[in-house]
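Remarks on the structure that follows.
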Amino acid sequence: MYTYDAYDKQMLEDRINQFRDQTRRFLAGKLTEEQFLPLRLQNGLYIQRLAPMLRVAVPYGCLSSTQLRKLASISRDYDKGYAHLSTRQNVQYNWPILEQVPELLAELAEVEMHAIQTSGNCIRNTTTDQFAGVAVGEIEDSRPWCEVIRQWSTFHPEFAYLPRKFKIAVCGTPNDQAATQVHDIGLYIKKNAEGQIGFQVLVGGGLGRTPVIGAEICDFLPWKHLLTYLDAIMRVYNRFGRRDNKYKARIKILVKAIGADAFREKVDTEWQHDKDGPGTLTKEEVNRCKAFFTDPAYEKLDDNDAEVASAAGKDLLFSHWIERNVTEHKTSGYRIANLCIKETGVAPGDLTDSQMDFVADLADKFSFGELRVTHEQNLVLTDVRLKDLYDLFQACKQESLATPYLGLLNDIVCCPGGDFCSLANAKSIPIAESIQRRFEDFQRQMDIGDITLNISGCMNACGHHHVGNIGILGVDKKGAEFYQVSLGGSADRQTAIGKVLGPSFAQDDMPDVIDKIIDVYLNNREDGENFLNTYNRIGIEPYKESVYAKAD
Amino acid sequence: MPKLIKDGKLSKNLWHLVPKEADLAEAVAISSDHLLVHISLWREHKSELFAFNKNIGVWMDSDDDAYELANDVNDLSLIAVNFPVFKDGRSFSNAAILRLRLSFNRELRAIGDVLRDQMFYMKKCGINSFELSDTVDAEEALAAFTDFADNYQSTVEDPAPLFRRR
């Protein structure tokens, strides 16, 4: 993991002092509400329906056990004893008090954490695939590049007051788990014929009100030009992105308006000036960053384990857990273990303080003291010995962290929705729960197989509903909460935006609607097809007919 | 008189801001000998403006294009970039373009909704003079320049990013 040096520490300390002073001036009436707004947002602080919400950055989803323990203790001391994993691999607190936030930030800084640029019209936390560094067939570990981008984007003086928020994803794995194509900038790490590392650059992807898949503006950007090229993109966006209408202010609208070719030309013209200038990355800096992400001390282990195999033969739940929640690792004798934070009856991605402490202990015991947060609102222990899997599984059961349905229907991605968020049109958590209850029969979930279900409580699409195989969007109809369903979305290398099924439904009807959709799939699927395959083959009509059929 | 900080010190403001709507006659009728005219007036009446034997500076709004001054930077002793509201970040880029692309090396001033909490970033983008918004305490605002001891990126003020220095 990246660790701070004296420069990083100083920068963070300066930020805390700055925000402490800003908060003081706001409380003393020297800053207006409007003037304070972007300052607090750029420190992750929203004013929500019931209380402020603080979003803590987890840079590209990487956490140490020490950091997780700190998050647990903060949730006890400043909040109500829990925290929420967000769809940007961050952690949110729902109940901090404004006056205490500067102290909370100082505590975070003790473990090299912060809430910088987790909100506001600036460059947000860069995200990546949660299996970076351990995935089989990885082109290159994306974490050092994310760290390079983190530093470049932190307190960038020119781009702190953009037309709108700005999100960057980097992906170096064959199965894109970072939703790269629906980011303002998506970077796919590539190797050219000479074996040099570079990036395929996509711009103008995004969800929200107008979902768009990013357009390629550079097929291969040699690595040393990464930051100067990003500067050029940002400058074009900062100057020409719309500022008259916040719903048309994202870069995707600019790229659509002028076309990807014209946008590329503008970027190239701007870039020619900075290319090979002082912002050009150096081998030394890249190596410095790479040195923080070297392999832990893996043992030489066999890739089979008779005891684990025998335990799986006896313990059905464990065998399911292995099948669903355990992923191949690049190193023989190791596995990636996913903790699915989707216990029915608990808001998806919510963790109690004791669960956080517990997972921190698990990370120390089983995975070199590190873990990852996923944009699907789960946790990952990336480096678990195959032979430890049964011990880990049994430990997870104690704290309700062993739900064996990663990637199944009940692994629902869900924003906080109308229960917490002041932007929401509708609640989302109760919808997730009602669907989870309907599909509680685990055998049924296994039979349905791989599927993604995403719920957003409003158009801002924090639940990424556009790219769920099944997407659910809360809408407001004359003051009542309704839910629109879309089908066929996907966030992987073949990213697709879901298609709206038809008129929206009342909250109570949602489990039945999902049931009917699943039945159409089960009745039509051919051998080896998952939900998305069948949908792509038969199209949306059969689903429409079933869901909107008039009762005879 | 609006409060001015120049090169890190409270300073006297000599320049008279001519509104965007003013035509040539209105501009030159102003008694001040330091006229800060909008880029549109400059575009139209550059030679006439010079003929009046006054100091001429140019200000541009956030939606004006700094590149338009490519051939003029040597003729101007002051260029000002306007922040119509502090959240409008376009003038940060215009400032950077004036310094980096056009090599403008005289006074570059921020005008408009210039608040204490954006001044550190403005300075990093090459702005060296700040006409403060009325509500801002000028003495307090001086502290803005030391908000951060360093920065990660290549900026106008420090072209070498931290990774070339650490």
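The values are calculated or read from the model by the stated rules, or taken from the named source; none is laboratory data. The model shown is predicted, which means the values in this text are computed figures rather than measured ones. Cβ placement follows ideal geometry from the backbone for every residue including glycine, while neighbour counts extend to all protein chains displayed.
Quick notes
- Selected residue (only one of A:PRO38, A:PRO52 is in contact (Cβ under 8 Å) with a residue 24 or more places away in the chain, away from chain B (no Cβ under 14 Å) and crowded, with 17+ Cβ neighbours inside 10 Å): A:PRO52
- The strands (runs of 3 or more DSSP E) located wholly in segment B:1-50 that include 2 or more residues which are under 12 Å from B:PHE130 (Cα atoms) occupy B:4-6, B:9-11.
- Which numbered condition B:ARG101 fails, given (1) within 14 Å of another protein chain (Cβ to nearest Cβ); (2) over 30 Å from B:PHE145 (Cβ atoms): (2)
- Yes/no for A:ALA291 being surrounded by fewer than 19 Cβ atoms within 10 Å (Cβ to Cβ), small (Gly, Ala, Ser) and within 14 Å of another protein chain (Cβ to nearest Cβ): yes
- Pairs meeting the criteria (first residue in segment B:107-130 and over 23 Å from A:THR32 (Cα atoms) and within 12 Å of chain A (Cβ to nearest Cβ), second residue of a type in the set (Ser, Thr, Tyr) and surrounded by 22 or more Cβ atoms within 10 Å (Cβ to Cβ), beta carbons under 8 Å, at least 6 apart or on different chains) are B:LYS124/B:THR155; B:CYS125/B:SER93; B:CYS125/B:THR155.
- In segment B:131-166, the residue that is farthest from the other protein chains (Cβ to nearest Cβ) out of those that are acidic (Asp, Glu) and more than 22 Å from A:LEU227 (Cβ to Cβ) is B:GLU131.
- Given (1) within 30 Å of B:SER91 (Cβ to Cβ); (2) away from chain B (no Cβ under 14 Å); (3) touching a Pro at 6+ places or on another chain (Cβ under 7 Å), number of the condition A:GLN196 does not satisfy: (1)
- In summary, strands (runs of 3 or more DSSP E) completely within segment A:44-139 and bearing 1 or more residues that are hydroxyl-bearing (Ser, Thr, Tyr) occur at A:45-47, A:62-64, A:82-85, A:91-93.
- All positions within segment A:229-246 that are out of contact with any Gly (no Cβ under 7 Å at 6 or more places or on another chain) and either without any contact (Cβ under 8 Å) to a residue 12 or more places away in the chain or within 17 Å of B:PRO84 (Cβ to Cβ) (or both): A:ARG239, A:PHE240, A:GLY241, A:ARG242, A:ARG243, A:ASP244, A:ASN245, A:LYS246
- Within segment A:156-193, considering residues that are within 17 Å of A:CYS146 (Cβ to Cβ) and of a type in the set (Gly, Ala, Ser), the one farthest from the other protein chains (Cβ to nearest Cβ): A:ALA179
- You will find that of B:ASP65, B:ASP147, B:ASP113, B:ASP117, the residue that is surrounded by fewer than 17 Cβ atoms within 10 Å (Cβ to Cβ) and of a type outside the set (A, V, I, L, M) is B:ASP65 and no other.
- Residues located in segment B:56-76, provided they are of a type in the set (S, T, N, Q) and modelled with pLDDT of 95 or more: B:SER62
- Hey, A:GLU307 closer than 30 Å to A:VAL413 by Cα, acidic (Asp, Glu) and either in contact (Cβ under 8 Å) with a residue 60 or more places away in the chain or in a loop (DSSP other than H, G, I, E, B) (or both) or not: no
- Qualifying residue in segment A:218-226 (condition: out of contact with any Lys or Arg (no Cβ under 8 Å at 6 or more places or on another chain) and part of a loop (DSSP other than H, G, I, E, B)): no
- When segment A:1-35 is limited to residues that are loosely packed, with under 14 Cβ neighbours inside 10 Å and within 30 Å of A:GLY133 (Cβ to Cβ), the one that is farthest from the other protein chains (Cβ to nearest Cβ) turns out to be A:THR3.
- Selected residue (only one of A:ILE74, A:ILE47 is more than 30 Å from A:ILE189 (Cα to Cα), in contact with an Asp or Glu (Cβ under 8 Å, 6 or more places away or on another chain) and β-branched (Val, Ile, Thr)): A:ILE74
- Tabulated pairs, segment A:490-506, first without any contact (Cβ under 8 Å) to a residue 24 or more places away in the chain, second not β-branched (Val, Ile, Thr), C-beta under 7 angstrom, 6+ apart or interchain: A:VAL500/A:GLN484; A:VAL500/A:SER486; A:PHE505/A:PHE482; A:PHE505/A:TYR483
- Test: A:ALA193 is in contact with a Ser or Thr (Cβ under 8 Å, 6 or more places away or on another chain) and outside the structural domain of A:CYS462 (by TED's automatic domain parsing): no
- Within segment A:294-314, being in contact with a helix residue (DSSP H, G or I) (Cβ under 8 Å, 6 or more places away or on another chain) and surrounded by 13 or more Cβ atoms within 10 Å (Cβ to Cβ) holds for A:LEU301, A:ASP305, A:VAL308, A:ALA311, A:ALA312.
- Of all residues in segment A:102-117, those that are without any contact (Cβ under 8 Å) to a residue 60 or more places away in the chain have Cβ atoms under 8 Å from Cβ atoms of residues that are of a type in the set (Val, Ile, Thr) and part of a helix (DSSP H, G or I), 6 or more apart or on another chain, in A:LEU104/A:ILE74; A:GLU107/A:ILE74; A:LEU108/A:ILE74; A:VAL111/A:THR66.
- Listed by first and then second residue, the pairs linking a residue in segment A:273-295 that is within 12 Å of A:ASP141 (Cα to Cα) to a residue that is in a helix (DSSP H, G or I), with Cβ atoms under 6 Å apart and 6 or more places separating them unless they lie on different chains, are A:CYS289/A:PRO144; A:CYS289/A:GLU147; A:CYS289/A:VAL148; A:LYS290/A:PRO144; A:PHE293/A:ARG143; A:PHE293/A:PRO144.
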